[in-house]
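> Quick one: the structure is below, and I'll ask about it shortly.
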Amino acid sequence: AAISAARPRADVAYCIYALARRLSRTHNWAVALKTLIVIHRALREVDPTFHEEVINYGSSRRHMLNMSHFRDDSSPTAWDYSAWVRSYALFLEERLECFRVLKYDIEMEGHRTKDLDTAEVVEHLPALQQLLFRVLGCQPLGAATHNLVIQLALSLVASESVKIYRALSDGTVNLVDKFFDMQRPDAMRALSIYRRFRQQAEVLSEFYEVCKRLDAGRGERFIKIEQPPASFLQAMEEYVREPPQTSTMRKDQIEKPKEVLAIEYKKAPVVQQCSPSPPLPEPEEEVEKVEKPIAEPPDLLGLNDPAPVASKSDEKNALALAIVPAGGFPAEQTTSTAAQVQANGTTGWELALVTAPSSNDSATATNKMVHI
């Protein structure tokens, strides 16, 4: 009642000052722990104006929850208790910092991470992850595991961790939906958030197992933690490796890196295979197209090629290589040669070599020229 919103601000400030003085002067772990429990219950059950008053008090003076140097050395078990008190104070301090970033209390007002835009989601989720990190740090060790007062405070922490994780889960889903529309700086921060979320989900499962064994939470039904898929993490890493190069990219250009996904990369050849093929040509036309460019080299003796085509240079070479007798071929032989050309179609130097006179005839012609 003394710190409610209906009370004057001076009364609320005086109560905060009294609690802070109590924490700063005590060296007893029980006194410190019970004072922290009062502050924690006030943060959970009083309106948000108490959060603001505590934050203002810490900004103008040394933070009341800074208990990093607290130690109770009255007994060996007090050392373990003191260690847990310091972890509990860090959680409450982080709780106030999370309220400063989010501008609302998750325990009292629920979470709003589903409807955040890109700038807000990359700012709010790290604050929630840091708060969850402080939750995991509250796992008791040693003699603190069996202390009833510590178990009472642990029940408060464990019950709040459920809402913190749900806020992180919904915020991560929102982050994933917006990831492939982000620029490189936001995408890199989002990838770091997603990686840390996967790590914390695994550690949180172990933390809940400890709470169940200690019966912490007073019958609180802890949620089942499911590990996010690793396949999507690989897709996010591929997108960050090849992000848009400039900060003023259009949406269609930003979505291009999504093609690195195998499921989208395989769609292109499927569309090409389903496209209509051109009509097949007629068999006769196809034969003509195939036969025209194929031409086997002519045989030198004219055995396989019945009608080779002789060029003009071949005809000149044939005349140059022809061995003609001095008097020329007889008319009969010329006529027979022309007939062979018409019959066989053989021309050029091939014909000259075939129809040339034998060596005996050329020798006889030469002897006649000598006698003359």
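> Counting only residues that are modelled with pLDDT of 90 or more and surrounded by 17 or more Cβ atoms within 10 Å (Cβ to Cβ), which one in region 50-66 is nearest to Ser4 (Cα to Cα)?
Out of the qualifying residues, it is Phe50.
> Starting from residues that are farther than 15 Å from Ile55 by Cα and modelled with pLDDT of 95 or more, keep the ones in region 87-123 and report whichever is surrounded by the most Cβ atoms within 10 Å (Cβ to Cβ).
Tyr88
> Is it true that Ser74 is closer than 27 Å to Asn147 by Cβ and in contact with a Phe, Trp or Tyr (Cβ under 9 Å, 6 or more places away or on another chain)?
Spelling it out, Ser74 is indeed closer than 27 Å to Asn147 by Cβ and in contact with a Phe, Trp or Tyr (Cβ under 9 Å, 6 or more places away or on another chain).
> Let me ask another. Checking Ala216 against (1) modelled with pLDDT under 90; (2) open to solvent by 10 Å² or more (accessible area, probe 1.4 Å), which test does it fail?
(2)
> Let me ask you something else. Please verify whether region 171-183 includes one or more residues that are surrounded by fewer than 21 Cβ atoms within 10 Å (Cβ to Cβ), among the aliphatic types (A, V, I, L, M), without any contact (Cβ under 8 Å) to a residue 40 or more places away in the chain and assigned to a helix (DSSP H, G or I).
Checked against the condition, which is being surrounded by fewer than 21 Cβ atoms within 10 Å (Cβ to Cβ), among the aliphatic types (A, V, I, L, M), without any contact (Cβ under 8 Å) to a residue 40 or more places away in the chain and assigned to a helix (DSSP H, G or I), region 171-183 yields no hits at all.
> While we're on this one: Please work out if Ala78 is among the aliphatic types (A, V, I, L, M), in contact (Cβ under 8 Å) with a residue 60 or more places away in the chain and crowded, with 16+ Cβ neighbours inside 10 Å.
For Ala78, the condition - among the aliphatic types (A, V, I, L, M), in contact (Cβ under 8 Å) with a residue 60 or more places away in the chain and crowded, with 16+ Cβ neighbours inside 10 Å - is not met.
> In addition: Looking only at region 138-169, which residues are among the charged types (D, E, K, R) and open to solvent by less than 40 Å² (accessible area, probe 1.4 Å)?
Glu160
Residues checked against (1) assigned to a helix (DSSP H, G or I); (2) in contact with a His (Cβ under 6 Å, 6 or more places away or on another chain); (3) not β-branched (Val, Ile, Thr):
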| position | (1), (2), (3) |
| --- | --- |
| Arg7 | no, no, yes |
| Arg21 | yes, no, yes |
| Ile39 | yes, no, no |
| Ala42 | yes, no, yes |
| Asp47 | no, no, yes |
| His51 | yes, no, yes |
| Ser59 | yes, no, yes |
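> If you check every pair at least six apart or on different chains, which have Cβ atoms under 6 Å apart with a residue in region 187-216 that is under 14 Å from Leu154 (Cβ atoms) and aliphatic (A, V, I, L, M) first and a residue that is open to solvent by 10 Å² or more (accessible area, probe 1.4 Å) and in a helix (DSSP H, G or I) second?
Leu214/Gln151; Ala216/Gln151; Ala216/Ser155
> While we're looking at this one, here's another question. Consider only pairs whose beta carbons are under 6 Å apart and that are at least six residues apart or on different chains; among these, list those whose first residue lies in region 126-141 and is on the phi < 0 side of the Ramachandran plot and whose second residue is open to solvent by 50 Å² or more (accessible area, probe 1.4 Å) and part of a helix (DSSP H, G or I).
Within 6 Å, the pairs are Gln129/Arg196; Arg134/Leu90; Leu136/Val203.
The values are calculated or read from the model by the stated rules, or taken from the named source; none is laboratory data. Because the structure is predicted, anything quoted here is derived from the model rather than measured. Counting neighbours? That spans all protein chains shown, and the Cβs are built from the backbone with ideal geometry, glycine included. Just so you know, the surface numbers come from the protein's heavy atoms only, side chains and all, with ligands and any DNA or RNA stripped out. Shrake-Rupley method; radii C 1.70, N 1.55, O 1.52, S 1.80 Å.
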